[in-house]
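**Q** If you scroll down you'll find the structure; I have some questions about it.
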Amino acid sequence: MKNNSEKLKSSLLSVIIPVYNGEKYIKRCIDSVLANDVNLEIIVINDASKDSSLTILQEYGNKINLINLEKNQGASNARNIGLKLAKGNYITFIDIDDYIDENTYSKMIGEIVKYSADICVCGCVEEFVREGVCKNSKYELEDKVYNHSECLSEYLLDKISPGLWDKIFSKKLLENINFDNSLTVAEDNLFVLKAFLKADIIVTISNRFYHYVQHDSSIMHNLSDKFLQFGEVINKLDQNDIKYLSENFYDEFAYFKTEMITRGIHSISINTNKKNKKQAKILLKKLCTKDNLKAIQANKYTPKYIKLECFVIKSFGVGMHLALMPIYKTLRRWSKKNG
């Protein structure tokens, strides 16, 4: 019977990387993955990039498994292709403009092996390119082992990030789990929730290994009607999963549903400027229905500053909400700082 050290050495990690016009960041990302001392299978899906991404990727030769798509079909499709090809005992994802520390994967797989866990989650650092600053993610993780109920509750309450990139999954866990190609945003929220629903043991580590780089050019930093998809995540769940969550995690699931709406509202709001303000108001009105606002305000887990925003929208409209965004940001920072 293999001990933990032998299991770690014999384990294969499949790293799935979708690429679309990533010429500026490819080398930093892939080189950071290659610097990890574990058995790696790097699957890179070039999603019909229009820049020199393909040329740069071809330079890596047999160090990566390169799949070149002739037609752009989005990150969800690219990741699904990676999942089908993955041969590893474990699977992880990384975005092409991000990077990791050199000991990330060996540490995380070591924790999975040690505790026979289904998922390992690490901390991350957020790097804002325009501001030239780095900030610790709001998700403050402990070195901890969670059972199924504990970890699912933490995830639903947004105490564990919804991202793909800070997690390593056992391949067995991801059987029959795919990305929803109809979603352009929040597809990671849905995928991770499905994985957490199946997981028995999840281990978190406090180390901030992952560097999440945010650019103004990303989809999350440009106003789009795709932000409305946050409100569609719940409808994409299997009815049996909805029933299970409603019966066993009623309050937490109710918060998760309102949190999805809140994410959509905030994504629209922070990407509003003088030129797109009219479009922003139209989008906000679609999410800020009476029922949605009432549900957000009624939930016991909703922070007070979010309830205040809902009160403003209900009383004075989305225009006033947008005008008060600078004040809201100050309130959020104060609220997080003071617990």
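The values are calculated or read from the model by the stated rules, or taken from the named source; none is laboratory data. Predicted model only: the values in this text are computed from it and were never measured. Cβ coordinates were reconstructed from backbone atoms using ideal geometry, including for glycine residues, and neighbour counts include every protein chain displayed.
**Q** Mind listing just one residue for me: the one in the stretch 232-255 that is touching a residue at least 60 places away in the same chain (Cβ under 8 Å) and surrounded by 14 or more Cβ atoms within 10 Å (Cβ to Cβ) and, of those, farthest from Pro303 (Cα to Cα)?
**A** Ranking the candidates gives Leu245 first.
**Q** Out of all the residues in the stretch 189-198, is one or more in contact with a Pro (Cβ under 6 Å, 6 or more places away or on another chain) and not aliphatic (A, V, I, L, M)?
**A** If we filter the stretch 189-198 for residues that are in contact with a Pro (Cβ under 6 Å, 6 or more places away or on another chain), which is where we start, we get 189, 192.
Adding the requirement that they be not aliphatic (A, V, I, L, M) leaves 189.
Yes: one or more hits.
**Q** Please state which one of Asn207, Asn222, Asn235 is among the polar types (S, T, N, Q), at negative phi and in contact with a helix residue (DSSP H, G or I) (Cβ under 8 Å, 6 or more places away or on another chain).
**A** Sole residue among the options that is among the polar types (S, T, N, Q), at negative phi and in contact with a helix residue (DSSP H, G or I) (Cβ under 8 Å, 6 or more places away or on another chain): Asn207.
**Q** Okay, moving on. In the list Tyr146, Tyr155, which residue meets the criterion of being farther than 21 Å from Ala86 by Cβ, touching a Phe, Trp or Tyr at 6+ places or on another chain (Cβ under 8 Å) and not polar (S, T, N, Q)?
**A** Tyr155
**Q** Of the residues that sit in the stretch 207-238 and are assigned to a helix (DSSP H, G or I) and of a type in the set (Val, Ile, Thr), which one is modelled with the lowest pLDDT? I'd like the intermediate steps shown before the answer.
**A** Keep residues of the stretch 207-238 that are assigned to a helix (DSSP H, G or I), which gives 219-221, 225-232, 234-236.
Next cut, of a type in the set (Val, Ile, Thr) only: 219, 234.
On the way: Ile219: 47, Ile234: 94.
Restricting to residues being assigned to a helix (DSSP H, G or I) and of a type in the set (Val, Ile, Thr), the top hit is Ile219.
**Q** Of all residues in the stretch 286-306, count the ones that are of a type outside the set (Val, Ile, Thr), closer than 19 Å to Ser267 by Cβ and either buried (at least 17 other Cβ atoms within 10 Å of the Cβ) or modelled with pLDDT under 95 (or both).
**A** Residues that pass the stated criteria total 7.
**Q** Mind listing whichever residues of the stretch 127-176 are modelled with pLDDT under 95, closer than 23 Å to Asn89 by Cβ and either of a type in the set (Phe, Trp, Tyr) or assigned to a strand (DSSP E or B) (or both)?
**A** Scanning the stretch 127-176 gives a single hit, Trp165.
**Q** Also, I was wondering about something else. Got a sec? Which of Thr204, Thr272, Thr258 is β-branched (Val, Ile, Thr), in a strand (DSSP E or B), surrounded by 20 or more Cβ atoms within 10 Å (Cβ to Cβ) and touching a residue at least 24 places away in the same chain (Cβ under 8 Å)? Outline the logic, then answer.
**A** On the way: Thr272 fails: in a strand (DSSP E or B); Thr258 fails: in a strand (DSSP E or B).
The unique qualifying residue is Thr204.
**Q** Do any strands (runs of 3 or more DSSP E) lying entirely in the stretch 1-112 carry at least 2 residues that are touching a helix residue (DSSP H, G or I) at 6+ places or on another chain (Cβ under 8 Å) and surrounded by fewer than 19 Cβ atoms within 10 Å (Cβ to Cβ), and which ones are they?
**A** Counting at least 2 such residues, we get 39-47, 65-69.
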